[in-house]
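Here's a structure for you.
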Amino acid sequence: MQQKFKKSYKFAIKTSLYITIFTTLLTSVFLFGFYKVNLLYLIVFFLVTYLFSFMVIQYRVERFIYKRVKKIYDDLTLLESTSITKGTITTDMQTLTEEIDRFARDKKIEIESLKVREQYRREFLGNVSHELKTPLFTVQGYILTLLDGAMDDENLREKYLERASKGIERLGYIVKDLDMITKLEVGDLSLNIEVFDIVELIKGVFEMFEMKAAKKKITLTFDRDYPNPIFVKADKERIQQVLANLIVNSIKYGQEKGTTELSVENLIKNKVIVRVTDNGEGIEKKHLSRLFERFYRVDKSGSRKEGGSGLGLSIVKHIIEAHNERIYVESDFGVGSEFSFTLEKAK
Ligand SMILES: Nc1ncnc2c1ncn2[C@@H]1O[C@H](COP(=O)(O)OP(=O)(O)OP(=O)(O)O)[C@@H](O)[C@H]1O
Ligand SMILES: [Mg+2]
């Protein structure tokens with residue numbers, strides 16, 4: 001490959017100047033001994049010597065540096081073809097040093113981001129196996145007990161089989177959630193955008209979780225009457241999932257006899273914002289920034305009774321972002337939380 005060649009003359013100019021000054025002085029001393037000094041002769045001598053040494057030095061330096069520098073370039077381009085300026089080879093050391101510096105800096109940044117990703121991957125795998133382990137061991141425990149003789153007792157048999165089935169169900173949910181997250185992250189999940197009435201959808205989700213809420217005497221309600229439909233443009237099924245996740249959370253982390261309130265408001269001219277507000281346990285400030293991460297739970301151990309895997313909000317965020325919309329959370333610890341997201345209004 002013929003590469004362009006950026007030259008630097010500084011070195012040759014200076015070196016040949018020194019040599020020329022020295023030889024001219026030397027010559028003039030010699031000449032002074034024998035003849036009279038001829039100024040014109042000296043000037044010509046100076047110029048010729050200067051020109052000659054400049055050319056020789058420049059040529060030699062170029063050959064010398066070019067060979068070595070080209071090798072450095074070749075080695076670097078072997079590693080990374082994009083980060084070194086393509087095409088131009090330079091004998092100018094400063095440019096080369098700058099380029100190598102930049103190269104090293106880019107590499108450092110790259111290595112750091114790889115390390116972060118690797119750490120994330122390791123954490124993720126750890127989380128997955130941890131989440132799967134708990135229900136798996138539960139199921140295994142019940143089945144082994146049944147095999148060990150509990151199956152002869154008719155009461156125990158039914159009870160244990162039911163519990164094992166619950167465990168399997170839980171495993172199924174986790175795998176389904178993981179599958180969903182993977183699809184969302186790869187961008188594989190195509191949205192099925194349609195126009196629908198968000199008020200009606202919320203009513204449907206209220207009905208779905210009426211029983212669950214009633215167990216904790218939690219009221220699911222709107223902030224006001226919505227006599228007219230509010231049409232939005234989105235993937236109905238996914239938005240239903242978002243609402244379900246947020247409402248289930250508000251029940252799970254809500255207080256006995258609490259209230260979960262839904263509201264739909266106009267935001268700007270073509271957007272609405274849906275808010276899910278509860279007066280439950282609330283979330284401390286320090287958790288808010290990580291709340292939407294996969295597997296992130298505020299209470300890692302204690303909330304086992306509510307047995308979530310911490311995937312719900314991460315799915316919610318992915319779905320909203322796939323719609324190019326935004327999700328917000330506000331929470332006062334001990335007072336309650338409000339999750340809200342925007343949607344596009346249908347004309
Ligand atoms: N309305 C809320 N009030 C208080 N804390 C909440 C609320 N919603 C979420 N959280 C906190 O955020 C954490 C993450 O919620 P997320 O929905 O992602 O997971 P999860 O409910 O624990 O499990 P999953 O939804 O996967 O079954 C919860 O563990 C809980 O601590
Ligand atoms: Mg949840």
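The values are calculated or read from the model by the stated rules, or taken from the named source; none is laboratory data. Only a predicted model underlies this, so the values are computations on that prediction, with no experimental measurement involved. Please note: Cβ atoms are built from the backbone with ideal geometry, for glycine as well, and neighbour counts cover all protein chains shown. These accessible areas exclude ligands, DNA and RNA; they are computed on the full protein's heavy atoms, side chains included. Shrake-Rupley method; radii C 1.70, N 1.55, O 1.52, S 1.80 Å.
Identify, from the list ILE181, ILE174, ILE168, the residue that is hydrophobic (A, V, I, L, M, F, W, C), in a helix (DSSP H, G or I) and surrounded by fewer than 15 Cβ atoms within 10 Å (Cβ to Cβ).
Criteria check complete, one pass: ILE168.
Continuing with the same structure: Considering the range 205-221 alone, what residues qualify as being touching a Leu at 6+ places or on another chain (Cβ under 9 Å), assigned to a strand (DSSP E or B) and open to solvent by 40 Å² or more (accessible area, probe 1.4 Å)?
Hit for the range 205-221 is THR221, nothing else.
Let me ask you something else. Looking at (1) touching a Lys or Arg at 6+ places or on another chain (Cβ under 7 Å); (2) touching a residue at least 60 places away in the same chain (Cβ under 8 Å), which is the one condition that is false for ILE251?
Failed condition: (2).
Which ones in the range 318-329 are open to solvent by 40 Å² or more (accessible area, probe 1.4 Å), more than 12 Å from ligand 1 (Cβ to nearest atom) and either on the phi > 0 side of the Ramachandran plot or not acidic (Asp, Glu) (or both)?
Those that are open to solvent by 40 Å² or more (accessible area, probe 1.4 Å), more than 12 Å from ligand 1 (Cβ to nearest atom) and either on the phi > 0 side of the Ramachandran plot or not acidic (Asp, Glu) (or both): ALA322, ASN324, ARG326, TYR328.
Is it the case, given these coordinates, that GLU338 is in a helix (DSSP H, G or I), assigned by TED's automatic domain parsing to the domain that holds ILE198 and either more than 11 Å from ligand 1 (Cβ to nearest atom) or touching a strand residue (DSSP E or B) at 6+ places or on another chain (Cβ under 6 Å) (or both)?
On the way: in a helix (DSSP H, G or I): no; assigned by TED's automatic domain parsing to the domain that holds ILE198: yes; either more than 11 Å from ligand 1 (Cβ to nearest atom) or touching a strand residue (DSSP E or B) at 6+ places or on another chain (Cβ under 6 Å) (or both): yes.
No.
Here's a check for you: in the range 241-274, which residue that is of a type in the set (D, E, K, R) and more than 16 Å from ligand 2 (Cβ to nearest atom) is surrounded by the most Cβ atoms within 10 Å (Cβ to Cβ)?
Step by step, filter the range 241-274, then rank; the result is GLU261.
Determine whether ASP332 is touching a residue at least 12 places away in the same chain (Cβ under 8 Å) and open to solvent by less than 40 Å² (accessible area, probe 1.4 Å).
Values: touching a residue at least 12 places away in the same chain (Cβ under 8 Å): yes; open to solvent by less than 40 Å² (accessible area, probe 1.4 Å): no.
For ASP332, the condition - touching a residue at least 12 places away in the same chain (Cβ under 8 Å) and open to solvent by less than 40 Å² (accessible area, probe 1.4 Å) - is not met.
Please go through the range 310-328 and pick out each residue that is within 9 Å of ligand 2 (Cβ to nearest atom) and within 9 Å of PHE341 (Cβ to Cβ).
VAL316
What's the total number of residues in the range 275-295 that are in a strand (DSSP E or B) and within 13 Å of ligand 2 (Cβ to nearest atom)? Before you say what the answer is, go through the steps one by one.
Of the residues in the range 275-295, the ones in a strand (DSSP E or B) are 275-278.
With within 13 Å of ligand 2 (Cβ to nearest atom) added as a condition, the list becomes 276, 278.
Counting residues in the range 275-295 that are in a strand (DSSP E or B) and within 13 Å of ligand 2 (Cβ to nearest atom) gives 2.
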